[in-house]
C-alpha cells in the first residue's frame with residue numbers, strides 16, 4: 001500500500017499525504033496537500049461514511065488535486081489540499097474536529113481549511129478552538145461560502161446556456177438540480193427567481209419535499225432524476241455521478257453543477273462530448289467558495305457576489321468557447337489549461353498576481 005501511495009504522489013505531483021489517527025476521539029483521516037508552490041493550500045474537511053480507507057485515500061487525492069486546478073483557473077496565488085474524515089457511529093465528532101484543529105495549526109499556515117460535506121458551522125467552531133487557519137463560521141469570517149458557490153454556479157450555468165443557444169432565455173429553461181443541500185437549495189432559489197422551471201431531487205426525501213414546498217418546484221425521486229428531459233442537469237451532491245449508466249439515461253443538453261469530481265473518469269467527459277451534451281467542468285464552475293475564502297485569508301478581502309459571478313462566468317465562457325473552436329471536450333480543455341498554469345507556477349520563481357476582477 002505505501003509503495004502505491006508514493007507512486008500516486010509522484011504521478012500526481014503531490015507534496016504530502018498524512019494518515020491521521022486520534023485514540024481519544026476515534027478519528028481516522030487522511031490529509032493530502034497537493035501544491036504550495038505559489039502560496040498556501042486550501043481545502044475543506046469532508047466527513048463521510050467511506051466503505052474503507054482505500055476509498056477515502058482515493059477521494060482525498062482526487063479532491064486535493066482538483067482544488068489546485070480550481071486555484072489555477074481562478075488565478076489565485078494558492079494551491080489545493082483536502083482532509084477526509086472516515087465517519088462512524090463510534091466517532092466523537094467534536095473532539096475529532098478539535099484534534100484536526102491541532103494538526104492544522106502544526107502546519108503553520110501551509111494549509112487553510114473550511115467546510116465541506118459533513119462539516120458545518122458547529123464542526124468548524126471546534127476546529128477554530130485550536131487554530132486560526134480555518135474558516136470562521138461567524139461574522140469574523142469571509143461570509144456565506146455555500147452562497148458563493150451557488151452564485152458562481154448560477155453564473156456558470158448562464159454562460160453554458162449562452163454557449164448552447166446564444167442567450168439564457170430563463171423563462172423557457174428546464175433545469176434539474178441533483179442535491180438540494182446548502183448549495184443546491186440556494187441555486188434552486190436563484191433559478192426560480194429568474195423564471196426558470198426547476199426540478200429537484202435529493203436522497204433526503206424530507207428535505208426535497210420541504211424545498212419543493214418553499215420554492216414551489218417539482219421534485220422527483222432520485223432514481224428518476226437522470227431521465228427527466230431538460231435543458232441542463234446540475235449535479236450538486238457527491239461526485240462521480242456521471243458514469244456509463246448515467247450517460248445512457250441522461251436526457252439533457254448540458255451538465256453544469258456544484259459537485260466536485262462530477263465525472264467518474266475523464267473519459268466520461270469525452271462521452272458527453274460525443275453525444276452532443278455540453279459539460280461545464282466542475283473545477284471551473286464551482287470555485288465560488290474557494291475564491292471568497294482564499295481572498296479573505298490571503299488579504300482580508302471579502303469578494304462580492306458580483307465579482308465571483310464575473311470571474312466564474314468569464315472562465316466558463318472562455319473554456320467552452322475554446323472547446324467549441326477546437327471541437328474538443330471541455331473537460332480536456334479545462335484540464336489542459338489548469339495543468340499549463342500549474343507547470344508555469346512551479347517553474348517560476350515569482351508568484352503570479354491575482355487576476356483582476
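The values are calculated or read from the model by the stated rules, or taken from the named source; none is laboratory data. Keep in mind it's a predicted model, so treat the numbers as computed, not measured. Glycine gets a Cβ as well: all are built from the backbone with ideal geometry, and neighbour counts include every protein chain shown.
Listing for the model above:
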| read-out | value |
| --- | --- |
| Number of positions in region 104-119 that are part of a strand (DSSP E or B) and surrounded by fewer than 24 Cβ atoms within 10 Å (Cβ to Cβ) | 1 |
| Restricting region 173-188 to residues that are outside any loop (DSSP other than H, G, I, E, B) and more than 19 Å from the chain's Cα centre (by Cα), the residue that is surrounded by the most Cβ atoms within 10 Å (Cβ to Cβ) | 175 |
| Candidates 152, 143, filtered to the one that is at pLDDT below 95, in contact with a helix residue (DSSP H, G or I) (Cβ under 8 Å, 6 or more places away or on another chain) and more than 21 Å from residue 273 (Cα to Cα) | 143 |
| Any hit, region 57-65, residues being modelled with pLDDT under 95, within 19 Å of the chain's Cα centre (by Cα) and not in a helix (DSSP H, G or I) | no |
| Enumerated helices (runs of 4 or more DSSP H) restricted to region 207-318, each holding at least 2 residues that are touching a residue at least 60 places away in the same chain (Cβ under 8 Å) | 266-274, 282-285, 288-299 |
| Residues located in region 319-332, provided they are farther than 27 Å from residue 147 by Cα, assigned to a helix (DSSP H, G or I) and either touching a helix residue (DSSP H, G or I) at 6+ places or on another chain (Cβ under 9 Å) or touching a residue at least 12 places away in the same chain (Cβ under 8 Å) (or both) | 322, 323, 324, 326, 332 |
| Yes/no for residue 37 being closer than 30 Å to residue 333 by Cβ, more than 20 Å from the chain's Cα centre (by Cα) and touching a residue at least 60 places away in the same chain (Cβ under 8 Å) | yes |
| Unmet requirement for residue 100, which otherwise passes all of (1) at pLDDT 95 or above; (2) touching a strand residue (DSSP E or B) at 6+ places or on another chain (Cβ under 6 Å); (3) buried (at least 22 other Cβ atoms within 10 Å of the Cβ) | (2) |
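For every residue, the table says whether it meets (1) surrounded by fewer than 23 Cβ atoms within 10 Å (Cβ to Cβ); (2) over 25 Å from residue 112 (Cα atoms); (3) out of contact with any strand residue (DSSP E or B) (no Cβ under 8 Å at 6 or more places or on another chain).
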residue: 267; (1), (2), (3): yes, yes, yes
residue: 281; (1), (2), (3): no, no, yes
residue: 287; (1), (2), (3): no, no, yes
residue: 290; (1), (2), (3): no, no, no
residue: 306; (1), (2), (3): yes, no, yes
residue: 313; (1), (2), (3): yes, yes, yes
residue: 319; (1), (2), (3): no, yes, yes
residue: 337; (1), (2), (3): yes, no, yes
